[in-house]
Structures are given as C-alpha cells and as structure tokens.
Amino acid sequence: MTKNAVPGWRRMRFKKNKVWVETDDQGRPAIEKKRVRIKYQLDQPHEYRVNPDHLSELENGPQQTNSAKKRTKPKPANLDEQEDTTAHPENAVIIHTDGASSGNPGPAGIGAVLRYKGEKREISQYIGHATNNIAELEAVRTALAALKRRDLPVRVHTDSSYVHGLLVKNWKARQNPELVRALRELAGQFSDLKIIKVRGHSGVADNEQADHLATSAIDKKDAGN
C-alpha cells in the first residue's frame, strides 16, 4: 500500500487539485450514476460527487513541502471564480441570486433570476425567520435545485462575500454548517459550475432584480399575501 492509496480510496487529480477518489475492488474509480465520490482529505466529513471525466492520474514530480501545503487551501469540487463575467459558454445557465433579511435575523426572503438560451425564470420566496447570510445561501441552493440538468455549464452570480468565501475560497463553515454542507453537496453534482462575486447595487440588471425579488417576498408576507 502506497501513501497515495488506502483501502477503498486512492489519490488522483481533479482538475488542478489532488483528491482522494473512491475505488472499486480493482482499484479503479467507483462510478455510480455517472458520478464518482471524492474527498480533499480522507478524514473530512463530507464528500463530493463529480464527473469522472475530470479525473486524471497524478503526475510524477517533486513533492509539495509541508509548508507549501499549509499555505495552500484547495477549492471545493468544480467551483471557481471567473473574473470576466461576459465570457460565458453559449449553452450556460446564467443565474443571479440574492437574499434579504429584515432585522438580521428577522423575516427573510430569497430571489433568483435564471436565464437559459433566451428563456427567463424568476424565483421569489419567503423563507421565514433567518439571517441575511442564511438567505444568501438558501437563494443559491434553491436556484441550483431548480435545475433539472446538471451537465450544462452553470454560472451563479452573487454579491455575498460570505457565499463566495464558503464555496470558492473554502472557508470553514463556523455558522450554518448543515446548510453549507447541503449546498456544497448539491454544487458537487454539477459538471461545470462557477460562483462569481459581483458588486451589489452596481447596476447589474439581474442582480438588482434578484434583490427586488428577495425583498418583495418579505413585503408580500408582511402584507398577508
């Protein structure tokens, strides 16, 4: 048994990151429903289900030093930041999300605008008593859950540094761990998902509309509708 293999798991590369991949009796990636389970650390509690086409063998080369490992944190599966928000694939699902809380915590709502090949869908939901951060997370989760196809490119735009930090920068979920875990697991089901940080109230039409949808959900609840 090598340092790159333990019973049921072995080291491979997922995109640019080294990961542990669940294997079958022959030592090959264990594929179930066209997905393979991976972990960044064997002792981490959660797993990601990814497209096996994005896995590759480790290349032989110099080993990373312990100090370098401490300085580098891997990103969660198939989540990344895209600076140029205009360079989306033609067949991408474009999503803008926002969450709002009146009181923080207080009555909360979520909003999302989803676009795909000229079609548009809007989501506006009241989610009860919650913080603004919970509403921001729930907005992304609800938008992704609404997508029936997980094989299309998906670009999610959020103005929440909290959401972006958790999903792209791999921040530790000190609060709302169950919701964060569920969102990360859902995100891992998409073959090409990018979370893009945008500035709030900067004139981005769909971002402004998502904000309106979130606050409208609270207003309608307060009005008894």
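No value in this document is a laboratory result; all are computed from the given coordinates. If you're wondering where the values come from, they're calculated on a predicted model, not measured in any experiment. Virtual Cβ from ideal backbone geometry, glycine too; neighbours counted across all protein chains shown.
Report D for the stretch 93-222 in µm² per second (integer): Stokes-Einstein, Kirkwood Rh on Cα pairs, 4 °C, 1.567 mPa s. Intermediate results must be reported in sequence, preceding the final value.
Numbers: Rh = 14.4 Å.
Estimated diffusion coefficient is 90 µm²/s.
Could you state, as a whole-number percent, how many of the C-alpha pairs of the stretch 5-58 are farther apart than 15 Å?
Values: 523 of 1431 pairs.
Cα-Cα pairs in the stretch 5-58 separated by more than 15 Å: 37 percent.
Mind sorting 220, 3, 194 by how few other Cβ atoms lie within 10 Å of their own Cβ, fewest first?
Values: 220 13, 3 7, 194 20.
In increasing order of surrounding Cβ atoms, one gets 3, 220, 194.
Among residues other than residue 92 with Cβ under 10 Å from its Cβ, the summed charge is +2 (Lys and Arg +1, Asp and Glu -1).
In what sequence do 166, 183 fall when counting other Cβ within 10 Å, fewest first? Each step should come with its number before you reach the end.
Numbers: 166 26, 183 23.
The order, fewest Cβ neighbours first, is 183, 166.
Nearest 5 percent is fine: what portion of the DSSP beta bridges confined to the stretch 93-222 is antiparallel? Close to 65 percent.
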